[in-house]
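Taking it in order: structure first as structure tokens, then the write-up.
The values are calculated or read from the model by the stated rules, or taken from the named source; none is laboratory data. The structure displayed is predicted, hence computed values, not measured ones. So basically every Cβ, Gly included, is an ideal-geometry build from the backbone, and we count neighbours across all protein chains shown. Note: areas computed on protein heavy atoms with side chains; ligands, DNA, RNA excluded. Shrake-Rupley method; radii C 1.70, N 1.55, O 1.52, S 1.80 Å.
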Amino acid sequence: MSDPLLLDHESTVLRGNPLGDPCRRRIEVHLPPGYDGVRRFPVVYWLPGFGAHPGLAGKALAFGSSVADRLRLAMTDGRVPPALLVVPDCTTAYGGSQYIDSAACGPYAGYLAEVVAEIDRRFATRPQAAWRAVGGKSSGGYGALVAGMTSPLFGAVVACSPDAGFEHSYLPLLPRTLDTVGAAGGVDALLARRDSGPHDVPFMVAMSLVAMGMCYADDPRTTVPDALPCDPVTGLFRDEVWQRWLAHDPVRMLPAHAGRLAGLGLLHLSVGRRDEYGMHWGVRALHAALDGHRVPHVYLEHDGGHQGIEHIYTEALAALWKLWREPEDDVCAA
């Protein structure tokens with residue numbers, strides 16, 4: 001894609017958030033081929049995963065091209081319907097917000113709604129839910145699922161390797177996290193590595209569980225040690241904390257939100273059958289639960305893991321042609 005537009009946005013809902021994170025955020029916007037400010041286009045809101053840079057313009061690896069460039073090419077040659085591609089910044093001091101309203105982290109579902117309003121105000125969009133999709137990978141896929149369950153703003157959800165089936169995706173990481181916390185010298189020492197590093201895989205895994213605990217906490221006074229499902233010193237499991245986590249598991253949320261998901265124009269799930277974090281088992285469980293509630297959806301497994309699957313985004317967003325056939329001319333009012 002051509003260089004993205006970087007919008008500075010002052011959030012109202014993030015003012016005074018519990019972590020003291022900035023309320024001024026940058027929104028990355030990629031315009032589709034043929035955008036002229038007159039013809040209206042649909043919008044894809046893409047939510048990056050935990051710890052990821054809030055953008056798609058940079059290359060993830062030395063090989064290949066950026067996600068943004070791949071998607072622009074796919075829009076140009078007709079594989080993906082032309083749409084604005086918008087990436088909000090919903091990072092927190094702990095690395096991620098899960099894109100939910102959290103008592104301990106801040107109202108990031110509310111912030112996403114602010115971003116939607118800002119994009120509709122500033123660009124020639126088709127400002128109806130049917131012409132908005134929300135998608136993402138990993139934590140971003142989780143955020144897309146929860147938005148589809150709880151927000152009237154989106155008519156399509158594309159979730160790649162989303163957090164789901166928490167007993168599969170989170171619990172196996174707890175012993176590794178406890179080891180990392182112990183090796184660092186405790187929770188405070190682990191948190192100090194946010195600035196100093198090293199930001200290796202064990203650190204990122206441990207920080208992801210710290211972030212989940214804070215996102216799922218129901219009290220703004222929650223501390224990091226208290227947010228974990230087990231005591232970080234003794235390993236003693238805290239079922240009451242774990243139950244708070246499970247209340248945010250899409251598999252367990254589904255019964256209360258199946259109706260809204262069934263009303264989506266598209267619900268697209270994909271996951272790699274070699275996912276290093278066991279996400280394939282959680283997403284399989286979600287797929288089975290969706291079938292059990294008769295929620296229409298697309299479910300695909302690919303022969304990949306959790307990383308290096310950016311090519312999957314193009315295939316997933318191509319499914320939006322089901323909804324977004326070339327509209328009749330629709331121009332902004334003069």
Completion exercise
When VAL295 is run through (1) open to solvent by less than 20 Å² (accessible area, probe 1.4 Å); (2) in a loop (DSSP other than H, G, I, E, B); (3) farther than 15 Å from LEU145 by Cα, the failure sits at (3)
Practice task
Search region 13-25 for residues that are free of Cβ contacts under 8 Å to residues at least 12 places away in the same chain and open to solvent by 70 Å² or more (accessible area, probe 1.4 Å) and pair each with any residue that is of a type in the set (A, V, I, L, M, F, W, C) and assigned to a loop (DSSP other than H, G, I, E, B) when their beta-carbon atoms are under 7 Å apart and the residues are at least 6 apart or on different chains.
Solution key: ARG15/CYS23
Handout entry: Pick from region 27-54, criterion within 25 Å of GLY148 (Cβ to Cβ) and among the charged types (D, E, K, R), ranking: farthest from the chain's Cα centre (by Cα)
Key = ARG40
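Among the residues of region 32-44, which ones are among the aliphatic types (A, V, I, L, M) and either assigned to a strand (DSSP E or B) or under 16 Å from VAL115 (Cα atoms) (or both)? Give the steps one after another, and end with the answer.
Looking only at region 32-44, we keep the residues that are among the aliphatic types (A, V, I, L, M), and these are 38, 43-44.
Those that are among the aliphatic types (A, V, I, L, M) and either assigned to a strand (DSSP E or B) or under 16 Å from VAL115 (Cα atoms) (or both): VAL43, VAL44.
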Practice task
Test ALA262 against the criterion of being surrounded by fewer than 17 Cβ atoms within 10 Å (Cβ to Cβ), within 26 Å of TRP131 (Cβ to Cβ), modelled with pLDDT of 95 or more and among the hydrophobic types (A, V, I, L, M, F, W, C), and give yes or no.
Solution key: yes
Fill in the blank from the handout: Filtering region 207-235 for residues that are part of a helix (DSSP H, G or I), open to solvent by 60 Å² or more (accessible area, probe 1.4 Å) and hydroxyl-bearing (Ser, Thr, Tyr) leaves a count of 0
Problem - Cβ-Cβ under 6 Å pairs, at least 6 apart or on other chains, region 277-290 side under 24 Å from VAL201 (Cβ atoms), far side of a type in the set (D, E, K, R) - result: HIS280/ARG273
Practice task
Give the residues of region 247-259 that are within 24 Å of ALA227 (Cα to Cα) and open to solvent by 20 Å² or more (accessible area, probe 1.4 Å), sorted by residue number.
Solution key: ALA247, HIS248, VAL251, ARG252, MET253
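What do you reckon, is TYR99 within 23 Å of TRP245 (Cα to Cα) and touching a strand residue (DSSP E or B) at 6+ places or on another chain (Cβ under 7 Å)? Quick ask: steps written out before the conclusion?
Details: within 23 Å of TRP245 (Cα to Cα): yes; touching a strand residue (DSSP E or B) at 6+ places or on another chain (Cβ under 7 Å): yes.
Yes; evaluated as a whole, the condition is true for this residue.
Inspect region 250-265 for any residue being in contact with a strand residue (DSSP E or B) (Cβ under 8 Å, 6 or more places away or on another chain), within 30 Å of MET214 (Cβ to Cβ) and not basic (Lys, Arg) and give the result as yes or no. First the steps, then the outcome.
Of region 250-265, the ones in contact with a strand residue (DSSP E or B) (Cβ under 8 Å, 6 or more places away or on another chain) are 261, 264-265.
Cutting the leftovers down to within 30 Å of MET214 (Cβ to Cβ) gives us 261, 264.
Within this subset, residues satisfying the condition of being not basic (Lys, Arg) are 261, 264.
Yes, there is a match, as at least one residue in region 250-265 is in contact with a strand residue (DSSP E or B) (Cβ under 8 Å, 6 or more places away or on another chain), within 30 Å of MET214 (Cβ to Cβ) and not basic (Lys, Arg).
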Exercise for the section: Please verify whether region 243-250 includes one or more residues that are closer than 25 Å to ARG194 by Cβ and in contact (Cβ under 8 Å) with a residue 40 or more places away in the chain. Expected result: yes
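Within region 126-143, track down each residue that is under 8 Å from the mean Cα position of the chain (by Cα) and closer than 15 Å to LEU320 by Cα. Write out each step before concluding.
At the first step, the residues of region 126-143 found to be under 8 Å from the mean Cα position of the chain (by Cα) are 135-143.
GLY135, GLY136 - these are the residues of region 126-143 that are under 8 Å from the mean Cα position of the chain (by Cα) and closer than 15 Å to LEU320 by Cα.
Can you tell me which residue in region 183-239 is farthest from ALA52 (Cα to Cα), limited to those that are hydroxyl-bearing (Ser, Thr, Tyr) and touching a residue at least 40 places away in the same chain (Cβ under 8 Å)? Can you show your working first?
Our first condition is that a residue be hydroxyl-bearing (Ser, Thr, Tyr); within region 183-239, this holds for 196, 208, 216, 222-223, 234.
Narrowing further to those that are touching a residue at least 40 places away in the same chain (Cβ under 8 Å): 208, 216, 222.
Details: SER208: 11, TYR216: 20, THR222: 25 Å.
Out of the qualifying residues, it is THR222.
Can you pull out the residues in region 81-128 that are in a strand (DSSP E or B) and on the phi > 0 side of the Ramachandran plot?
Taking region 81-128 as the starting set, the residues that turn out to be in a strand (DSSP E or B) are 84-87, 101-102, 106-107, 125.
Of everything in region 81-128, just one residue is in a strand (DSSP E or B) and on the phi > 0 side of the Ramachandran plot, namely GLY106.
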Problem - Residue tally, condition buried (at least 20 other Cβ atoms within 10 Å of the Cβ) and small (Gly, Ala, Ser), over region 26-43 - result: 0
Handout entry: Close pairs from region 253-273: first over 15 Å from TYR313 (Cα atoms) and free of Cβ contacts under 8 Å to residues at least 40 places away in the same chain, partner open to solvent by 30 Å² or more (accessible area, probe 1.4 Å) and in a strand (DSSP E or B), Cβ under 6 Å, at least 6 apart
Key = ARG273/GLU301
